[in-house]
Amino acid sequence: MKEFNSLDDILDFAINEEQMAADFYTDLAAKMKNQEMKDTFEQYALEEIGHRTKLEAIKNGKAYKIADSKIVDLKIADYLVEVDTEKTNISYQEALILAMKKEKSAFKLYNDLASATTDAASKKVFLMLAQEEAKHKLRFEIEYDNNILTEN
Amino acid sequence: MERSEEYIKNERKKEWRVELQKKTKAKDRMTIERVQMPESAPEERIKSQRIEVNKGLTAEEAMREATRCMDCVNPTCMEGCPVSINIPKFIKNIERGDFLQAASVLKETSALPAVCGRVCPQEIQCEQRCFYVEKLHQPAVAIGHLERFAADFERESGKISVPELAESNGIKVAVIGSGPSSLSFAGDMVKLGYDVSVFEALHEIGGVLKYGIPEFRLPNAVVDVEINNLRRMGVKFITNFIVGQTESLDDLKEEGFKAFYVGSGAGLPRFMNIPGENSNGILSSNEYLTRVNLMGADAEDSDTPVLRGKNVVVVGGGNTAMDSVRTAKRLGAEKAMIVYRRSEEEMPARIEEVHHAKQEGIEFSTLTNPIEYIADENGRVKQVTVQKMKLGEPDASGRRRPIPIEGSEYTIDASVVVVAVGVSPNPLIPNSVKGLDVSRWGTIEVVKDKMQSSIPEVFAGGDIVRGGATVILAMGDGRKAAANMDIYLKEKYLSQKVEH
Ligand SMILES: Cc1cc2nc3c(=O)[nH]c(=O)nc-3n(C[C@H](O)[C@H](O)[C@H](O)COP(=O)(O)OP(=O)(O)OC[C@H]3O[C@@H](n4cnc5c(N)ncnc54)[C@H](O)[C@@H]3O)c2cc1C
């Protein structure tokens, strides 16, 4: 497992992860055939940049809190098959699945890092990061629940 | 149709209405019990896809039910109707026995009353806003049953009036798709004097009314009468013609079409994206219903049979799911089951359909969600792994969302699975027409209430704009689009200034 030497180290890692996610979506946007899906992925990229900015503020001393209540996990993504990111005609449903799964794995990563560390301050940062990812995932899950899981 | 409050109030004060109001006291109206729709017996009707479940009211039943209506000063029922049908006026015409007049009131606003009387979700629209429900906590006046009665009476009387047509103005207009939205659009435009051609991809006209909703709920004959009326009025129907494939919108423009109405619907089935979903024996409700309703796959000697099975599992809780599961029963399934991830309360299907399904022996597994399909050695589905769900705490939007209960998984035997978890817009037009603004859901973006797209001569409405919605909303869109396209075309080609 990756070694971290300081809290800043942890935050730098997380900031980089957000940037990588943004780049991933920007690349997908460029590949899409339809304008509306280009727009969708560009928006996801912007959201990741937003997450990065938030972490940078924390690194620069902004206070953060870990909420007491657990973020709801609708577990929608857990049972869905992976989306093929090679194709150029990803649907909005698939875009949401992709995003949910990405946030889920980031959540899992930080949660695992939190469990593995014994340093209290580091643990707190990891838990905060995990919570952030859980929130991001919930946002996509709610969109999926509201718009895709609608029978007629 | 735009109607002022004052108009509605004045109508209510007409002599014949006042007479009826006086004839029976409110107290006596209230003692009448809501009419029960006569139904075919469940054990009989499940033998055929083509036996209509609801048989319709007799004239006496309809007049008695109409007497329940209080002719309210402030008819809240009209607010519940997406197209604001003048409900008290048509019902009071039934009460006084003038059924043809009742039908003509319906037609002032609704192009397809015999259809809407059968398929509208009245319990969440007009009937939910009825005085009986809001103030007395009693069953609503059976507005839907009465609507059907008046429309059927007119049709069966053979006295369907063909509306007056304006003089032909020679302007050619093309309609893409022939569902309820397109039909109502075509009707209004032909009345206004336009030369209207409807292009339909399938070999039948009617969209979901024909290929989706089964005949046990909506007989094709009811829809055909409306289509023939449009034909008599001069609308041309061209079948087996896919706009964007057979010919493009630009080709049609070159052939002289000046404007377009896109009513191409939401016929692209959605799947869940769970493991095993592409096993044999798993099909979309769309394919399943089309094969039966349009290609006669329910006939024993059909050339294009549909998969039949002992155990049929239908995933979903909407009208599409109910139609599929009840179709499965009629095709001989021993066990036909609904699997739905939310609770019965949240099912979007019409309450009547859920009720009829239960009468027919359909099993319901609610708060249950498929997570995987298991196939046999030939790749044919044999089981569905499902998981129990529970409703979580209400979230910020007040909704209780289902959450899986871990460890609650079990399997259900299934020889056929029909997936009815929603539909997406037909992608051909949105993808093939340059310059057309499309949302990320694949719906065409239009100016609200005008139904005009980002291309001025292209209007759109119904499911292609709303995603999966309802017949009445699709129809309402068609009418709005016609009114606005008329203004657009008159200003552009006939140099007429039209008041907006
Ligand atoms: C099984 C089922 C049951 C339903 N039950 C109810 C109900 O009980 N009550 C209710 O209110 N609503 C119900 N609905 C929803 C309702 O039927 C739809 O909202 C409504 O039909 C939408 O009308 P539309 O005119 O927009 O499109 P549709 O009815 O979908 O018609 C679109 C037509 O366009 C054609 N088309 C598509 N692309 C092209 C092209 N490129 N060129 C030419 N033609 C094309 C299609 O073949 C189709 O015939 C149900 C839907 C389904 C599927």
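Based on what the data block shows, is A:GLN93 without any contact (Cβ under 8 Å) to a residue 60 or more places away in the chain, under 15 Å from the mean Cα position of the chain (by Cα) and at the interface with chain B (Cβ under 10 Å from one of its Cβ atoms)?
no
Exactly one residue among B:ALA460, B:ALA375 is farther than 30 Å from B:ALA483 by Cβ and in contact (Cβ under 8 Å) with a residue 60 or more places away in the chain, and that residue is B:ALA375. Counting only residues that are away from the ligand (no atom under 12 Å from the Cβ), touching a residue at least 40 places away in the same chain (Cβ under 8 Å) and small (Gly, Ala, Ser), region B:184-231 holds 1 of them. Selection of first residues in region B:469-486 that are within 11 Å of the ligand (Cβ to nearest atom) and of second residues that are among the charged types (D, E, K, R), restricted to Cβ pairs under 6 Å at least 6 apart or on distinct chains, gives the following pairs, ordered by first then second residue: B:ALA469/B:ASP463. Only a single criterion out of (1) within 14 Å of chain B (Cβ to nearest Cβ); (2) at negative phi; (3) surrounded by 16 or more Cβ atoms within 10 Å (Cβ to Cβ) is not satisfied by A:ASP84, namely (3). Across region B:424-469, the number of residues qualifying as assigned to a loop (DSSP other than H, G, I, E, B), away from chain A (no Cβ under 12 Å) and within 21 Å of B:VAL208 (Cβ to Cβ) comes to 5.
Listed conditions (1) within 14 Å of chain B (Cβ to nearest Cβ); (2) hydroxyl-bearing (Ser, Thr, Tyr); (3) not in a loop (DSSP other than H, G, I, E, B) are all met by A:THR53, apart from (1). Listed by position, the helices (runs of 4 or more DSSP H) enclosed by region B:43-149 that each have at least 1 residues that are buried (at least 24 other Cβ atoms within 10 Å of the Cβ) and within 18 Å of the chain's Cα centre (by Cα) are B:99-109, B:113-119. Just one of the listed residues (B:ALA349, B:ALA336, B:ALA328, B:ALA357) is within 16 Å of the ligand (Cβ to nearest atom) and assigned to a strand (DSSP E or B), namely B:ALA336. When each of B:VAL438, B:VAL433, B:VAL418, B:VAL446 is tested for being in the same structural domain as B:VAL313 (by TED's automatic domain parsing), in contact with a strand residue (DSSP E or B) (Cβ under 8 Å, 6 or more places away or on another chain), within 16 Å of the ligand (Cβ to nearest atom) and of a type outside the set (S, T, N, Q), the lone residue that passes is B:VAL418. The test for being at pLDDT below 95 and more than 24 Å from B:SER324 (Cβ to Cβ) does not hold for B:GLY467.
Whether a residue is surrounded by 22 or more Cβ atoms within 10 Å (Cβ to Cβ), among the β-branched types (Val, Ile, Thr) and touching a Ser or Thr at 6+ places or on another chain (Cβ under 8 Å) was assessed, and B:ILE412 does not pass this test. Checked against (1) surrounded by 16 or more Cβ atoms within 10 Å (Cβ to Cβ); (2) not assigned by TED's automatic domain parsing to the domain that holds B:LYS382, B:ARG232 passes all but a single condition, namely (1).
The values are calculated or read from the model by the stated rules, or taken from the named source; none is laboratory data. Just so we're clear, the structure is a prediction, and the values are computed from it rather than from any experiment. Glycine also receives a Cβ, built like all others from the backbone with ideal geometry; neighbour counts cover every protein chain displayed.
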